[in-house]
Every structure is written in structure tokens, then in C-alpha cells.
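See structure below.
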Amino acid sequence: MPHTTGTLVRRAGRLLRTSLFVQVLLALLLGVLVGRLWPQAGASLQPLGDGFVRLIKAVIAPLVFCVVVAGITKAGDLKSFGRIGVKALIWFEVATSVALVVGLLAGNVFAPGAGMHVDPAALDKSAVDAETGGGKLPSAVQFILEALPNSAVGAFAVNSLLQVLVLACLVGAALLHLGQRKVPQLLPLIEQAQDVVFTIVGYIMKLAPLAVFGATAHLVGRYGLGAMSTYGKLIAVCYGVALAFLMLLGCALKAVTGLSLWKFVRYTREELLLALGTGSSETVMPRMMQKLRAAGCRDDAVGLVLPTGYSFNLDGASIYLSVGTLFIAQAIGVQLSLGQQITVVLVLMLTSKGMAGVPGSAFLALSATASALGVVPAAAVALLLGVDRIMDSMRVATNLLGNCVAVFAVSRWEGALDRVTARKVLNGELPAVRTGEEKAPEADSASVVPGEK
């Protein structure tokens, strides 16, 4: 018996040393405990999470640039890259529209705000203004203009993924036009830079448990667990709708590619838990790009679809916005007609595309929706201040999985998915690529079995 106990202890110790998933899970539990027992101390630990996010953001722009440029030049066809972009936008629009409609249906059926009888005159709109910093969502024209860089260095300095994507497309197109004869050393240099960035990501990821601990302790310490009971029905509806939407995504992924979303979740469990713990999907973008490439998705598809999805495919945010709009209306006793709910969908389809990177964007989108309806006072948006941070986990997980499914679907649609490799990786027959380790063979036409491309 002592020998058995000693063996179990050694195995547990080895697992704790080698498994990022176990480390992050333990950090998550410790964060909840510290935030609950010592809320003041827990609330002061947010810099641990913020510092980690800053480090990851520092490498995202150069990584996206390298992956996209290498993907275009390896594909050897700029038209194919353009088709991938168009197909991605079509998928994004369909997915976010479904998320909005499912959210509205659930909001009508379960009515999370019914019976609250809130007097909108008693609400303080200044609290919403403080959360948003007095900002506003960009118009369609402004959004397009801001996606175009006015400085090559500035695009990287402000960490604008859309601007970096535009630059990467231009550089990739130029490399294709010039060919290997005129610039033989440039592509290898970009690929080497990509390997360096992935190695840096590996170093930063060692700090992930510390970041999750700080972010979780801050969340529980500042907001407490009381909000869970106060907004229990709203939280349950949003998380339930997100789960239902992910099941729909799983069915779509199975129908389009034959792959299992559950197996993909298991394959990326470390990244998903890290994103949940830090409340940011950007923290895992580099690792997700690497794992999607290892799972048979071609470089150009991964490099274009995943970063673009961070601006155009916010499925989790769409669910939150649609359910939140109905919650606010129900809480103040306003019944929205079918026409007004259609207006909600149309307005949110537009405003949700300009949310990425805007402080307090959810409240800005909700305020814009309330203004468009004309029957819900903008001050009523303050009702969601107490629960917004708790919704981060739902939004992050749904946004992230929605974008990964989009990569697989668009890759399959464009013939850029090696399904043989994908199945083997998701089944555990091929090892998942780890940062800093040797990369698995990338998908290419020679490795795809006829009929399985």
C-alpha cells in the first residue's frame, strides 16, 4: 500500500510538471479560492493576467504576418487566397446570424428578465459611460478605412490584425509575382522568423498558470459569487444557448468535414482552459494556429480565416447581445414586437462586426440597438454591468470554437484540408505539435488520399 501511494504521488507530481492543462486547472481553482476567502487581495492580482495578455499580444501581429505570407507563397495562387477570404466571410455572416436568431428565440422562450420590474429612471447611465470610456463603435466606412494601414510599422505598433492581414496579403502577392529567382532568401527568412515567434510563444506559455490564477482571483474578488445568484436565470440562458449553438456547430462540422467537434475540444483543452481562465481568446491564437496547421489545415487558410474571425465572427458575443437586449427590455417591462426583434437582429449584425478591440464594445452595441428600437432607454444597458464579466467565459469559448470550426469548414470548402491527417491528430494517432518541438508534416497535395482532400 505505501508503495502504491508513493507511485500515485510520483505520477501526480509528474503530471503537474508536464501537463499545462493540469497546471491551468489547478491555478483556476486556487484563484477561485483566494478570491473567495481574501477578496481584497484577489482583486489586486489582475496585473498577473494583464501582463500575460500583453506578452501574447506582442507576438500575435508578427506571427499572423509570417503565417499569411508563407501560406500565400506556398499555395502559389493568389486567386485561391481570395476565394478563401470570400468563403470565410460568407461562413462568418451565416454563423453570426444563426447565433443572433438562436439567442432571440431563447430570450423569448425563457424570458430571463421577466418579473424584475426595474424603473429605468432609477438607473445611472454614467456607469455605462464610464465602462465604455465615452467611445463609440466605428461606422461601416470607418471600419473599412481603419482596416487599411497608413503605416507599415504602425499596423504592428497598434496590433491591428486586419491591417497586418492587408500588409501580409500585399507582401505575399509581391513574392508570388517576383518568384523565387528574384527573392530566393526572403521566404526562408520569413519561415525562420515564424519558428522564432512560435518558440517565444512556448516561453510565454510557461506563465499561463500564473496568469489564470491572477485573472480568476481578480474576477471572484471583485465581483464575488453573489452575482451568480442575482443574475442566475440570465447566466443560465446565455450559457445554455451557447451550448446549443456549439452543438449546432458540431453538427455542421461533422456534415462538412466528417470531423468531431468534441475530439477537437479534447485536442485543444489546454488552450480552451487558458482562454477561459484569462477571459481572452487572443492569448491562445498562436497556439490555435499551430494546432490547426498540425490538424491538416493549410497555412493560407489558417492564416487568413482565424485572425479575420476575431473581428467578423463573434458568435459568443452575438448570443450575449441578442439575449441581453431581450433581458433589458423584459426587465423594464417593454414587450418587443416581431418587427422590433427583426430590427435587433439587423442592427446587431452590423454593430457586432465593429466590436473587436473597442473598450466596452458590448455596451456600445447594446446602446446602439436600444437607440435604434426607440422604446428601450439607453440607461437600461446598465443592468448588465454586474454580469458582463461573468459572461466572458461563454463569449470567449464560443467565439474561439466558432472560429476554429470556420477554419476547418472553409479549408474543406476550398480543398485546403487534409482530412486523413486531421482524423489521425484528433484521434490521438499523431502527436499534437508542441511549441518548440519538431513540427508535424504539413498538409500537401501529395499526402492527401484521393477522395479525402
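The values are calculated or read from the model by the stated rules, or taken from the named source; none is laboratory data. Because the structure is a prediction, the values reported are computed rather than measured. Neighbour counts are summed over all protein chains in view; Cβ atoms, including those assigned to glycine, are modelled from backbone coordinates with ideal geometry. Side chains are part of the model used for accessible areas, which takes the heavy atoms of the whole protein and leaves out ligands, DNA and RNA. Shrake-Rupley method; radii C 1.70, N 1.55, O 1.52, S 1.80 Å.
Data table
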item	result
Verdict on A58 being part of a helix (DSSP H, G or I) and either modelled with pLDDT under 85 or within 30 Å of I235 (Cα to Cα) (or both)	no
Residue check, I84 within 17 Å of L304 (Cα to Cα) and either at pLDDT 85 or above or surrounded by 14 or more Cβ atoms within 10 Å (Cβ to Cβ) (or both)	yes
For T216: the one exception among (1) over 25 Å from the mean Cα position of the chain (by Cα); (2) at pLDDT below 85	(1)
Single unsatisfied condition, A380 versus (1) at pLDDT 65 or above; (2) closer than 20 Å to G71 by Cα	(2)
Number of the exception - N150 against (1) without any contact (Cβ under 8 Å) to a residue 24 or more places away in the chain; (2) open to solvent by 50 Å² or more (accessible area, probe 1.4 Å); (3) outside any loop (DSSP other than H, G, I, E, B)	(3)
Test: G250 is over 28 Å from F65 (Cα atoms) and touching a Phe, Trp or Tyr at 6+ places or on another chain (Cβ under 8 Å)	yes
Helices (runs of 4 or more DSSP H) fully within segment 162-274 counting 3 or more residues that are in contact with a Pro (Cβ under 8 Å, 6 or more places away or on another chain)	186-205, 208-223, 232-257
Residue satisfying all of: in segment 172-189; surrounded by fewer than 19 Cβ atoms within 10 Å (Cβ to Cβ) and in contact (Cβ under 8 Å) with a residue 60 or more places away in the chain; farthest from I56 (Cα to Cα) among these	L176
Residue that is nearest to the chain's Cα centre (by Cα), among those in segment 410-424 that are of a type in the set (A, V, I, L, M, F, W, C) and crowded, with 24+ Cβ neighbours inside 10 Å	V410
Any hit, segment 283-306, residues being farther than 18 Å from V197 by Cβ, among the β-branched types (V, I, T), out of contact with any Lys or Arg (no Cβ under 9 Å at 6 or more places or on another chain) and at pLDDT below 95	no
Residues located in segment 199-215, provided they are open to solvent by 10 Å² or more (accessible area, probe 1.4 Å) and either under 13 Å from L25 (Cα atoms) or among the polar types (S, T, N, Q) (or both)	T199, P209, L210, F213
Condition check for S371: of a type in the set (S, T, Y), open to solvent by 20 Å² or more (accessible area, probe 1.4 Å) and at pLDDT below 80	yes
Search result, residues across segment 123-147 that are at pLDDT below 65, surrounded by fewer than 12 Cβ atoms within 10 Å (Cβ to Cβ) and in a helix (DSSP H, G or I)	S126, A140
Number of the condition not met by G115 [criteria: (1) open to solvent by 70 Å² or more (accessible area, probe 1.4 Å); (2) farther than 28 Å from L175 by Cα]	(1)
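Listed here are the residues, each with its yes/no results for (1) out of contact with any helix residue (DSSP H, G or I) (no Cβ under 8 Å at 6 or more places or on another chain); (2) of a type in the set (A, V, I, L, M); (3) open to solvent by 10 Å² or more (accessible area, probe 1.4 Å); (4) not in a helix (DSSP H, G or I).
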| residue | (1), (2), (3), (4) |
| --- | --- |
| L276 | no, yes, yes, no |
| P286 | no, no, no, no |
| A301 | no, yes, no, no |
| T308 | no, no, yes, no |
| A317 | no, yes, no, no |
| Q335 | no, no, yes, yes |
| V345 | no, yes, yes, no |
